[in-house]
Structure formats: C-alpha cells, structure tokens
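The structure under discussion appears below in the form of structure tokens.
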C-alpha cells in the first residue's frame, strides 16, 4: 500500500530519517544545508539517537601514524563498510596525541603542554579543552608527569562524558607510593573531582591503552592478567572483576580487553590460536567462549598481532605495518590497510576502537 505523502512526491519524515541516518558524517553535514526541513530533521534528538544506534553496529579502527620526517601525526580511519580514510586533528589547534576513545569521542593530551587535555569528535570537528585540574601532574603522577591510566566514558543517550586520570601518588623527589590518585572530569558539572585509594596493580603500556566503558564503569586489564580493574563512575569506587579460569590460570599467553556489541570481551592469543570470551552476565561475572580462531594462515604475523576492536561479524587486528580484518562468519582474513612508508611506531601502539557518532558539545 502506498504512503499518502508519496502521491505528491514528498517522502514522510520517517523515511527521510532512515535514509539520512545511513549516510557517512561528511555527506550528512552536506545534507543539512539542502533545506530547512532536512536541517531540522538532522538536528533533532530522535534522529541523533537513531544515527548513533546504527553507527554502533559499524565497527571502525582509528590509527595514529606518526611521520618521523615531519614530527606530525595523521589519523587513519579503517571502516569495514567504507574502507580507509585519512583525517587530522588540526582543528584542535595544538599538537596532541590520542589517549582514549569512546563512542566516537577522543580524549587527547597536549604534547608541548603537559596537563592540558581535550575531548573532541574528529568527524564533526568539535572539541572542548578541559579546565586545568588543581593537581600538578609533574609532581603527582608517575611516570613522566602523566597519568598512568587515562579513560574516557561517553554516554550517547544522555550526551554526557567523563575523563579519568589515575596514577600513583609521587611527592617531588620521591618514589611513588601505593596511593592511587584519581581525578574525574564530569562534563555536566564542568569540573574535576578527586579521590584516593590504595592499589598494588601494575599496567603495561598496551593494557592501559585498552580501556572499555560498559555499564557505567571503565575497565582495564592488569599486567598480571589475573583480573580486570574496574572504576565505577557512579560511586567513585575501584574494584576487581574476575576473568575466565583459562586466562587467569594460564601462563605465557597474550591477553587483551575489548568490547563486543556492548559487552566485555577478552581475547587470548596462544601459539596459532585466538580464543574469544564474552561476559555473559555482568552481575554474576559469568564468561563464555564465543569463538576460537585459527591463526595458521597468518602464522608469520602472529608474534606482532594485536586485536583492536570487534563485533559478532568482524575482528580488527593490527600488526607492525598492517591492519587486518577477520570475517567471523566466512572465516576469511583480509588486509584493510598497509603502511607504505616508515612510521616511528608500530600500528598497534596507538590504535583505538572507534565509531562515527553525533555528540553535542554545546
């Protein structure tokens, strides 16, 4: 049955919403300038929610590639649907490095001016410089004057975000002690809050780079891979979460923390196999093995491979020079991106799970 509006050559708003919500961000911004009707449709809360819900289903991978000759970084976005594109963070008007990614937002720190942090959306080129905290990072965090852990929590439904800086307290001239100081920036209040706890856990560089925001909490893998360290942002409480027995009791394995369609997931790479666990129930901390993938056909890449993001359909992995995608249904490997010139860092060193979303800073 034909829709009555179509008799006059006009699509109903719902159909226009559905079409526009599937456009890439650049095309969407062009569509806003077509007419006042489209501008209004794209700007309303219903459309933003629809766009973000559809975008979450399309995994991406963001890589910061540093060119040694120019001392500058470019961002490479690898999209399973639309391929590879390049963009920059020049709109921030500062030399920055990406510290965390969550739901389309990036948390970046200033390279020349330590202690300055930004939250930005590289797709819409909007950003906010965070107010300085009262703490002096050079004398309070270990090592190198920066937080040991940097986390970003973005809630697309409420359009609010939090930035977390956490590290071991260090008085100037002394070794760090067990006091774990945590600073949390709340976008709703536009200010920082601080609390201190005691922590013995250590973190490798990549374990602190992979942080997952789920269920109102940020999650990090500890160096020992015996448990997850969890920060409940609603109550400012640190706690530990158990891992599958096969991981916590194993030795000589490489273990990584990822998100999988809104759930926590842990990936273990051991010899020629990649095992994937997903948290079935958050409250009871019950895990199940979702998949076991053979790595024999990419055997030469296994020592340097690093999983970055995943869904039920895809797994994105980075090596020193390449980005691979594994299609879980067809069990086919595909190269999505390869570095053609020399970069100063391996790709997995600064790769983040990503998605294109609409977020209003104002």
Task: The listed residue being modelled with pLDDT of 85 or more and either over 14 Å from the mean Cα position of the chain (by Cα) or over 21 Å from residue 318 (Cβ atoms) (or both), out of 126, 135 - done: 126
Open item on the list: Against the conditions (1) under 24 Å from residue 219 (Cβ atoms); (2) part of a strand (DSSP E or B), where does residue 334 fall short? Just the number, please.
Closed with: (1)
Task: Search result, residues across segment 183-202 that are touching a strand residue (DSSP E or B) at 6+ places or on another chain (Cβ under 7 Å) and at pLDDT below 80 - done: 199, 201
Open item on the list: Please pick out the residue among 272, 318 that is touching a helix residue (DSSP H, G or I) at 6+ places or on another chain (Cβ under 7 Å) and within 25 Å of residue 355 (Cβ to Cβ).
Closed with: 318
Task: Filter result (more than 23 Å from residue 104 (Cβ to Cβ), in a helix (DSSP H, G or I) and at pLDDT below 70) within segment 8-36 - done: 8
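The rows are residues; the columns are (1) surrounded by fewer than 17 Cβ atoms within 10 Å (Cβ to Cβ); (2) within 14 Å of residue 148 (Cα to Cα).
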| site | (1), (2) |
| --- | --- |
| 179 | yes, yes |
| 186 | yes, no |
| 209 | no, yes |
| 239 | yes, no |
| 245 | yes, no |
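The values are calculated or read from the model by the stated rules, or taken from the named source; none is laboratory data. Computed from a predicted model, the values in this text were never measured in an experiment. Every residue, glycine among them, receives a Cβ derived from its backbone with ideal geometry; neighbour counts consider all protein chains shown.
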